[in-house]
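K.L.:
The structure that follows is given in the form of structure tokens.
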Amino acid sequence: MKEIIPAQSPLNHTIRVIGSKSVSHRALILAALAKGTSIIKNLSPCDDVRITMDALQKCGNKIEQTREGTIILHGMGGIHNSEALTLSFENSGTSYRFFMALGSLGITPIILDGNAHMRRRPIKDLAQILEEGGTTLRYLEETNFPPIEITGPFRGGHYTISSEISSQFISALLLISPLTPTTISLETSGIQRSVPYIKMTCDLMRKFGVEVKENFSADHTRLTVEGDQSYHAQNILVEGDYSGAAFWLVAGAIIGGPITLEGLEQESLQGDKYILSALEQMGCSIQVEPHSVSMNHPQTSVSKLHGVELDLGNYPDLVIPLSIAALFADRPSHFYNIGHLRFKESDRLALLHRNLSNLGANVSITPDSIRINPVSEYHGHIIETEEDHRIAMGFAILGLKIPGITIKDPECVSKSYPDFFLHLDHLNHMDQPDPFNHELKGGN
């Protein structure tokens, strides 16, 4: 249990944002698939990225880490395990789905497993395409769910795939596409969700020397990558994480006071950069510099947050922090196109609804949306996290505003932000050493 102490005064902080989890995953995978030595600076220190790195090492990639935190990865140009492997990914959905694709490159079986949460996360859409392309897939327990055994090789080809549950299925196929013998062409079906993550994958692939032909529209995506190519080793500086930064920005919005986040790139392709636009629509004043974001939201303006109606289909990780902000708006807020939240680390939509209701909030949900009607008073409660890091972080931020909030299983934040509570505690204890006051790993 972690009891949250309410903030005693408006915030006045400068925060060095940790490296992006999404960029870190992709940079590690691409460096491993490249030929030669890549250097990655400011890698996210979170559990999910560690899981990806450990799995790559078990597949034969040599990875070194300097005292400054720089990663030196000696890529092998593919997956070349000579013996059958069993890899466990705990509850890292990104790692698991990316390794489903990676495992299809080799001819030696790889068993992919995870914890109890991971075994409930669907993988059917990606599995079907891998099988259509020549991969042998064997479910070891329940059909369409982990654990599975994968034996390649995957040939490539033209496929239609849904992004309604997870865009990671598409990114996984894109990452391996240059190493397949024939061209891969992907078209999406159904509702377009989390498209910025697909664009991020394409951008990083280009940085590693492979061109992606893309056509994005409001209701359709087509992606083509020629096969039989090679990635080339690169030096990468991982930019700051907008997903984690969103919680600090919301803290500033509901408590007041100036807050500056360093390490966030103005030209970032991260989808969760949308937090800036969303908070501006709610009435916050935000200044964006080339490598930082500042928000000066006076305490007198906290009561003037505006309710909003937003399509968050491309930004699922923003639903929780924006829902926290919406509790203090001047009118109801409605967030929709978010049905894929039910397939995250928890049924995130249902869990968000339950915890908000326990605090006295007036909240309603549909299978695809949440509506928050602000009330005049909320009360404390024990927050059930179901080991979901985003739930823990969102309600911890709320605890800076509302007395009596206690977070159950707070250690789950290590999935994306291991030092989150260390940094949160500093917001209320300015006499302690500043955990934000450190140099960006690797410099600019």
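Just so you know, all these numbers are worked out from the coordinates, no wet-lab data involved. The structure presented is a predicted model; accordingly, all values stated were derived computationally and were not measured. Here the Cβ is made from the backbone with ideal geometry for all residues, glycine too, and neighbour counts use every protein chain on show.
K.L.:
About its Cα centre, what dipole magnitude does the chain give when the only charges are +1 on Lys and Arg Cβ and -1 on Asp and Glu Cβ, stated in debye to the nearest 20? Before the final figure, lay out each step's value.
P.N.:
Working: 36 positive and 50 negative charges, 62 e Å.
That gives the chain a dipole magnitude of about 300 debye.
K.L.:
Measuring from centroid to centroid over Cα atoms, what is the spacing of segment 383-404 and segment 332-371 in Å?
P.N.:
Using only Cα atoms, the two centres lie 14 Å from each other.
K.L.:
Given L249, G157, Q192, which one lies farthest toward the positive end of the charge dipole of segment 109-252, if we put +1 on the Cβ of every Lys and Arg and -1 on the Cβ of every Asp and Glu?
P.N.:
My answer, from the dipole projection, is L249.
K.L.:
At 4 °C and 1.567 mPa s, grab the translational diffusion coefficient of the chain from Stokes-Einstein with a Kirkwood Rh over Cα pairs, rounded to a whole number in µm² per second. Could the numbers behind the result be given before it?
P.N.:
Numbers: Rh = 22.3 Å.
For these conditions, the coefficient is 58 µm²/s.
K.L.:
Dipole size in debye (nearest 20) for segment 21-237 around its Cα centre, Lys and Arg Cβ +1, Asp and Glu Cβ -1?
P.N.:
On the way: 21 positive and 22 negative charges, 93 e Å.
In total the dipole reaches around 440 debye.
K.L.:
Multiply the residue separation of T300 and R120 by 0.36 nm, subtract the distance between their alpha-carbon atoms, and state the gained length in nm to one decimal. Walk me through the numbers on the way to the answer.
P.N.:
Numbers: separation 180, 0.36 × 180 = 64.80 nm, distance 4.53 nm.
Separation in residues times 0.36 nm, less the Cα-Cα distance, equals 60.3 nm.
K.L.:
Which whole-number percentage describes the relative contact order of segment 21-237, with Cα contacts under 8 Å and a sequence gap of 6 or more?
P.N.:
Numbers: 496 pairs, mean separation 45.3, N = 217.
Reported as a whole number, the value is 21 percent.
K.L.:
Separation between the S217 and Q266 pseudo-spin-labels, each 7 Å from Cα along Cα→Cβ, expressed in nm?
P.N.:
3.4 nm
K.L.:
When 1/r is averaged over all different Cα pairs and the result inverted, which Kirkwood radius in Å belongs to segment 21-237?
P.N.:
Working: mean 1/r = 0.0587 Å⁻¹.
Hydrodynamic radius (Kirkwood, Cα only) of segment 21-237 equals 17.0 Å.
K.L.:
Dipole of the chain (Lys/Arg Cβ +1, Asp/Glu Cβ -1, origin at the Cα centre): which of I170, A116, V210 lies farthest to the positive side?
P.N.:
Of the candidates, V210 comes out farthest on the positive side.
K.L.:
Set Lys and Arg Cβ to +1 and Asp and Glu Cβ to -1, take the dipole of the chain about its Cα centre, and tell me which of T366, H25, L341 lies farthest positive.
P.N.:
The residue sitting farthest along the positive end of the dipole is H25.
K.L.:
Roughly how many Å is it from the Cα centre of segment 289-329 to that of segment 86-131, as a whole number?
P.N.:
35 Å
K.L.:
Go ahead and run the numbers for FRET between T143 and S82, Cβ-Cβ distance against an R0 of 30 Å, rounding to 0.05.
P.N.:
After rounding to 0.05, the efficiency reads 0.55.
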